[in-house]
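A.B. asks: Here you go, one structure.
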Amino acid sequence: MATIDEMKKERTRKLQAMRSAGETVYPAQAKRTHTASEALGDFAKLSRAKKEIFLVGRIRAVRGHGGSTFLNIEDGTGNIQAYLKKDRVGVQTYDKFLDFFDIGDFVQVRGVLFKTKKGEKTLEVSDYRILAKSLLPLPEKWHGLQDEEERFRKRYLDLIFNKEVREKFEKRTRIVQELRAFLNGEGFLEVETPVLQHIYSGADAKPFTTHLNAFDLDMYLRISLELPLKRFIVGGFEKVYEIGRVFRNEGVDRQHNPDFTMLEFYWAYADYKDMMKFTEKMFGHLLKQLFGLPAGEAGKTTIEYEGKELDFKAPWPRVEYGTLIKKYTKLDIDSLNRDALAREAGKLGISPEAVWSKGKIVDELYKKYCRPKVWEPTFVIHHPSEMFPLAKAREENPEQAETVQLLVGGGWELVKAYSEQNDPGAQRKAFEEQEGLFRKGLEDAQRMDADFVEALEYGMPPTAGFGMGIDRLVALLTNTHSLREVILFPMMKPRG
């Protein structure tokens, strides 16, 4: 069997021969009157009229039968069979096709539709034209596209060969469209905020750094959309949202990628309790639009994920954060100080670093022992205030914040939402505490944003904020285990 290099050399020889024969091998234009799905859908009318049509696409299969050849041509809508007959197109034209064309080439064909003796809808070709020569053989001609790393590195081939992968990305687009439709319908305004920032904040994460040559200034890629969006609320907007890429210099696993897509929205005169009801409403819209039953029937509220059926029928359970910790670790976090908690965490396989705060230790316990146990959609509420420096503390218990996380699917932390801190003095103090942790060596502590504090000094109304990872949402709604499968081009380490 020929090697890939030998196949490329042979295809390059054909390319040169076509050019020597006067062919334009990579034309700028193509003529198409119908897509494959349109030709098949309107087959009866077109075949009866014997009307010539033009189709375009990639050759996916070639089958010779003496003086005739059958082709499978695939475009973005589907696959159609074409029939090339020597006595119909002429010996020279027929032989040219056999000499020059390969599986993988893009072609334009003209002809009329008919049914073969086996009843297959087919285009009888009267003329053809090369649109692009494929110099490398498609993977099925050598080892197949089976290696996962290869699939992610060459996603274009993954899309060609794996129909289910293509369908996932089509569904991803649909999910984003439906989120926009829902928020727009609820009166939210879509806005854009800068990717390059002077100071990073809004999340516990290490940033990527870059340099702006024009100002000779070090800058950061944003780790969150939060603080710029809340400036819109200060400026008088009451409902704003952004769907955008954020960047965190962190590890890579099934739930994390260094760059990912976030939906964040901010709602003036609302609080975290309103956000829970609104989230339930939003998911109801999504499930109805994506998995809805025929008109007149009740909407579907369940999905399957990793072999389990998850029911999104509202209302969802509200569970206290401390109660969840106690259930799965037997620890009462309210009764333990930082050092006592560190000792107990050590017994449970957590190794707290000296710079970790009590909230950081609790969060590591939560991630290891609590999140994986929650499968049904569940709101976890009232986290320790120190874990959420941008959230309001509860009036009835300032040690807890007005916070909510949505857990689902055995560990997916899908949503974070809270009542936003709008007291500039309290916000400045929280930032100063975070700066202290950063100076002690906690690299993912949040940073002081003095300009944002100044914005709060002009006044921001009571506001609720919401953040959700789009990639995680898509993974959940497409029954996918890892984010890499739903990010078109996931981060990959270069080959040696």
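Since every read-out is calculated from the coordinates, none of them should be taken as a lab result. Only a predicted model underlies this, so the values are computations on that prediction, with no experimental measurement involved. Methodologically, a virtual Cβ is constructed for each residue, glycine included, from the backbone with ideal geometry; neighbour enumeration extends over all protein chains shown.
A.B. asks: Which order do the peptides 257-265, 8-16 take when ranked by the mean count of other beta-carbon atoms within 10 Å per residue, highest first?
C.D. replies: Descending packing order for the listed peptides: 257-265, 8-16.
A.B. asks: Further, regarding this structure: Of 179, 269, 257, which is farthest along the charge dipole of segment 171-282 in the positive direction, counting Lys and Arg as +1 and Asp and Glu as -1 at C-beta?
C.D. replies: Looking along the dipole axis, the top candidate is 179.
A.B. asks: Here is a follow-up. What's the percent breakdown of Cα-Cα distances in segment 244-344 across 10 Å bins, shortest bin first?
C.D. replies: 11, 22, 34, 27, 6, 1
A.B. asks: Name the lysines eligible as straight-distance cross-link partners of residue 308: C-alpha to C-alpha under 19 Å, and not fewer than 8 places from it in the same chain.
C.D. replies: List returned: 300, 373.
A.B. asks: Could you please report the charge total around residue 459, scoring K, R as +1 and D, E as -1 over all other residues with beta-carbon less than 14 angstrom from its beta-carbon?
C.D. replies: Around residue 459, the surrounding residues sum to -3.
A.B. asks: Which percentage, to the nearest 5, of the DSSP beta bridges contained in segment 4-144 is antiparallel?
C.D. replies: Taking every DSSP beta bridge with both residues in segment 4-144, the antiparallel ones total about 90 percent.
A.B. asks: Just to be sure I understand the model, the point goes 7 Å from the Cα along the line to the Cβ. What's the resulting residue 396 to residue 191 distance in nm?
C.D. replies: 3.3 nm
A.B. asks: With 10 angstrom as the radius, rank 134, 335, 385, 37 by how many other C-beta atoms surround their C-beta, starting from the fewest.
C.D. replies: Arranged by neighbour count, lowest to highest, 134, 335, 385, 37 become 335, 37, 134, 385.
A.B. asks: Quote the relative contact order of the chain in percent (integer), defining contacts as alpha-carbon pairs under 8 Å separated by 6+ residues.
C.D. replies: That works out to 13 percent.
A.B. asks: Okay, moving on. Within segment 459-496, name every residue whose backbone N is under 17 Å away from a label modeled 7 Å from Cα of residue 166 along the Cβ vector.
C.D. replies: What the label zone holds, given the 17 Å backbone N cut-off, is 488.
A.B. asks: Okay, moving on. So what's the net charge close to residue 430: Lys and Arg +1, Asp and Glu -1, counting the other residues with Cβ under 13 Å from its Cβ?
C.D. replies: Residues close to residue 430 contribute a combined charge of -4.
A.B. asks: Determine which lysines satisfy two conditions relative to residue 239: a Cα distance under 22 Å, and not lying fewer than 8 residues away in the same chain.
C.D. replies: Partners found: 230, 273, 277, 281, 392, 416.
A.B. asks: Fully extended, how many nm does the chain gain between residue 250 and residue 289 (0.36 nm per residue separation, minus their Cα-Cα distance)?
C.D. replies: Full-extension gain reported as 10.6 nm.
A.B. asks: Once phi is turned into θ = phi - 60°, what whole-Hz ³J(HN,Hα) does the Karplus curve with 6.51, -1.76 and 1.60 give for every residue of segment 392-398, x standing for Gly and Pro?
C.D. replies: Values, residue by residue: 6, 7, 6, 5, 6, 7, x Hz.
A.B. asks: Right, another one. Please give the FRET efficiency for residue 21 paired with residue 198, using the beta carbon to beta carbon distance and R0 = 45 Å, rounded to the nearest 0.05.
C.D. replies: Once the sixth-power term is evaluated, E becomes 0.15.
A.B. asks: Once you place label points 7 Å from the Cα toward the Cβ at residue 488 and residue 91, how far apart are they in nm?
C.D. replies: Taking the simple label geometry, residue 488 and residue 91 are separated by 4.9 nm.
A.B. asks: Continuing with this model, one more query. Which aspartates and glutamates have a Cα less than 16 Å from the Cα of residue 313, not counting those fewer than 8 places away in the same chain?
C.D. replies: 280, 297, 304, 376
A.B. asks: A follow-up question, please. When the expected Rg is taken as 2.2 N^0.38 Å, what fraction or multiple of it is the alpha-carbon Rg of the chain?
C.D. replies: 1.25
A.B. asks: Sort 327-334, 217-224 by the packing proxy (mean of other Cβ within 10 Å over each peptide's residues), most packed first.
C.D. replies: The most tightly packed comes first, giving 217-224, 327-334.
A.B. asks: Can you say what percent of the DSSP beta bridges in the chain, counting only those with both residues inside, are antiparallel? Round to 5.
C.D. replies: Taking every DSSP beta bridge within the chain, about 90 percent pair in antiparallel fashion.
A.B. asks: So if we plug the beta-carbon distance of residue 28 and residue 311 into 1/(1 + (r/R0)^6) with R0 = 45 Å, what FRET efficiency do we get, rounded to 0.05?
C.D. replies: 0.25
A.B. asks: Here's a follow-up. Beyond 32 Å between alpha-carbons counts as too far, so tell me which of 51/117; 45/86; 31/118; 171/429; 85/133 fall in that bin.
C.D. replies: 171/429
A.B. asks: How far apart, in nanometres, would the label points at residue 43 and residue 147 be if each is projected 7 angstrom from Cα along the Cα-to-Cβ direction?
C.D. replies: Each label point lies 7 Å from its Cα, and together they span 4.0 nm.
A.B. asks: Below 8 Å, C-alpha to C-alpha, sequence gap of six or more: please give me the relative contact order for segment 4-144 in percent.
C.D. replies: 28 percent
A.B. asks: A follow-up question, please. How many percent of DSSP beta bridges within segment 141-241 run antiparallel, rounded to 5?
C.D. replies: Percent antiparallel among DSSP bridges in segment 141-241 is about 75.
A.B. asks: Please give the length that would be gained between residue 330 and residue 301 if that part of the chain were fully extended, namely 0.36 nm times their separation in residues minus their C-alpha to C-alpha distance (nm, one decimal).
C.D. replies: Full-extension gain reported as 7.1 nm.
A.B. asks: For residue 61 and residue 208, calculate 0.36 nm times their separation in residues minus their Cα-Cα distance, and state this gained length in nm to one decimal.
C.D. replies: Contour length minus Cα-Cα distance gives 48.3 nm.
A.B. asks: Taking N as the number of residues in segment 12-126, what is its alpha-carbon radius of gyration divided by 2.2 N^0.38 Å?
C.D. replies: Dividing the Cα radius of gyration by 2.2 N^0.38 Å gives 1.05.
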